[in-house]
Amino acid sequence: MSHPIVELKDVGKSFSRADGTPRAVLEHVDFVLREGEIVALLGQSGSGKSTMLRIMAGLIQADAGAVTYRGQPLFGPARGVSMVFQSFALFPWLTVQQNVELGLEAQGVSQQERAQRAEEAIKLIGLSGFEGALPRELSGGMRQRVGIARALVVQPEVLLMDEAFSALDVLTGENLREEILELWGGGKMPTKAILVVSHNIEEAVMMADRIMIFGSNPGRVRFQMQVGLPRPRRADSREVRALIDEVYALMTAGAARSERGVDEPVRLRLTDSLPVVDVNRMEAVLEMLQDGPFHGRADLPKLAEESDLTDEDMLKVASALALLDLAQIHNGDLSITGLGGRYVEADHFQRKLLFGRQLLARVPLVAHIRHSLEQEASGELSEKPFLRLLSDAMDPQGAEEVLRVVVEWGRYGEVLEYDLHTRRIHLPGS
Ligand SMILES: Nc1ncnc2c1ncn2[C@@H]1O[C@H](COP(=O)(O)OP(=O)(O)O)[C@@H](O)[C@H]1O
Ligand SMILES: [Mg+2]
């Protein structure tokens, strides 16, 4: 096997909650990045992927386990590791050339060498002629190229790409990804290993020699798989499609399997996170599943394509439907339940009724809020205690998101109402 570059052994990381107590974000993470490989990292948002990358780059320290770079414990930023972020993070008042040179400033390289190396990186990534341009004069795709050039100019051994393509439109993202693969394959980059975080399963399958799937709460490596397919890969080839299917199956099966049997319906705890999905989208997918070309059961990637959803959104919709028992996930397929079938047939009024009933039965937080409201003579309560409750299990932004979902779903099912100005939750009609 080829040489390890970065190694994480039993790594853990906690951040503090608002009340100062620690919340584990990563636990028992074992991972080795080796020479010559591209690894893709998939996982729900909030599962700790960026945190792991920052630890690998030496930007933050793990608080358990060991992190080594070429066999040496890593303290402080690793010289041989560069990161590319989702947001372009360019300085708007600096030219392309100056933005790229910035990558070298910290290394004490002479002005002349800086200029020359920046020029080379700019050329490599296809931006020759734009050295003097300002970021605002560039398209999103070009700006992301500048970000990549800035990462490459230090000639890193390891390139960490944190959702580097996800802010770009699909075609631009694909093109840039192809080019990176060409540079990599042609040996034109000094880079010896690449780790890409992605939300896009196809992207992971197209790029990676190995795929890791992260689990959440706390984040850890749940599955790893080798991708043995030769390059260049064709996105529409049978082998690629089959692998995409398999990854989908792993990502959805795992959620149910972690605590329960595979086929058991999903049961939530009070402070569990919820998929951030709007009701219209859930209904559209359910209708597509029932009345579209699928006859009640569909392959998730196909359903995503047919419904024009990204993999990430499809997974959220599928888990929301499963949560409410309107559909079931099994081996990467989504099939409609009897209840789901009735839902699709129902009129608007009946749908709301069914939706509300399922919410109360299957989302403990909704039942808890509803019950609390019923205890109040005024039928209303501030949202604050519920946000606080959620903050024990997640960060404040996550708590906000989950409560927004609960409110949106609850309003649709006419289980609760919400006043945007007072930020209070109340019973419908009170
Ligand atoms: N500096 C920080 N302080 C407190 N919480 C943080 C910090 N950085 C990340 N987190 C929290 O850690 C969790 C994992 O975050 P992150 O690594 O960004 O996940 P991902 O990249 O998988 O979306 C999230 O709940 C996030 O809010
Ligand atoms: Mg992230």
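Any read-out appearing in this document is the output of simple, stated calculations on the displayed coordinates, not a laboratory observation. Remember, predicted model here, so these are calculated numbers, not experimental data. Counting neighbours? That spans all protein chains shown, and the Cβs are built from the backbone with ideal geometry, glycine included.
A few remarks follow.
- Neighbour counts of other Cβ atoms within 10 Å put 93, 409, 184 in the fewest-to-most order 93, 184, 409.
- Each 5 Å bin from zero holds the following percent of Cα-Cα pairs in the range 346-426: 3, 15, 26, 25, 19, 8, 3, 1.
- Backbone HN-Hα couplings from phi across the range 319-327 [Karplus 6.51/-1.76/1.60, Hz, Gly and Pro as x]: 6, 5, 5, 5, 4, 8, 6, 8, 8
- Estimated FRET transfer efficiency when R0 is 60 angstrom, pair residue 346-residue 113 (beta carbons, to 0.05): 0.30
- The residue among 353, 379, 403 whose Cα reaches farthest toward the positive pole of the charge dipole of the range 346-426, with charges on the beta-carbon of Lys, Arg, Asp and Glu, is 353.
- Cross-link table 49/188; 9/188; 49/123; 123/188, entries beyond 20 Å C-alpha to C-alpha: 49/188; 9/188; 49/123
- By the Cα gyration tensor, the chain has an equivalent ellipsoid whose semi-axes, rounded to whole angstrom, run 42, 25, 21 from largest to smallest.
- Size descriptors for the range 77-157 (Cα atoms only): Rg and Dmax, in that order, 11.5, 32 Å.
- Normalised contact order of the chain, rounded percent, pairs of Cα under 8 Å and 6 or more residues apart: 14
- When peptides 105-118, 210-223 are ranked by their average number of other Cβ atoms within 10 Å per residue, the highest-first order is 210-223, 105-118.
- Phi angles of the range 20-27 translate, via the Karplus equation with coefficients 6.51, -1.76, 1.60 and θ = phi - 60°, into HN-Hα couplings of x, 6, x, 10, 6, 9, 10, 9 Hz per residue; Gly and Pro are given as x.
- Exposure proxy shown here: for 349, 386, the number of other Cβ atoms within 10 Å sets the order, fewest to most, as 349, 386.
- Placing R0 at 35 angstrom, the Cβ-Cβ distance between residue 79 and residue 242 gives a FRET efficiency of 0.30 after rounding to 0.05.
- The range 329-371 versus the range 151-206: alpha-carbon centroid distance in Å: 40
- With neighbour counts taken as other beta-carbon atoms within 10 Å, the residues 313, 30, 236 rank, fewest first, as 236, 30, 313.
- Cα pair count fraction exceeding 25 Å, expressed as % - the range 4-252: 44
- Counted over the chain, the DSSP beta bridges are approximately 65% antiparallel.
- Net charge over other residues, Cβ less than 15 angstrom from the Cβ of residue 73 (K, R count +1; D, E count -1): 0
- The chain - mean residue ellipticity at 222 nm from DSSP helices (-39,500 (n - 2.57) per run, n ≥ 4, rounded to 500): -13000 deg cm²/dmol
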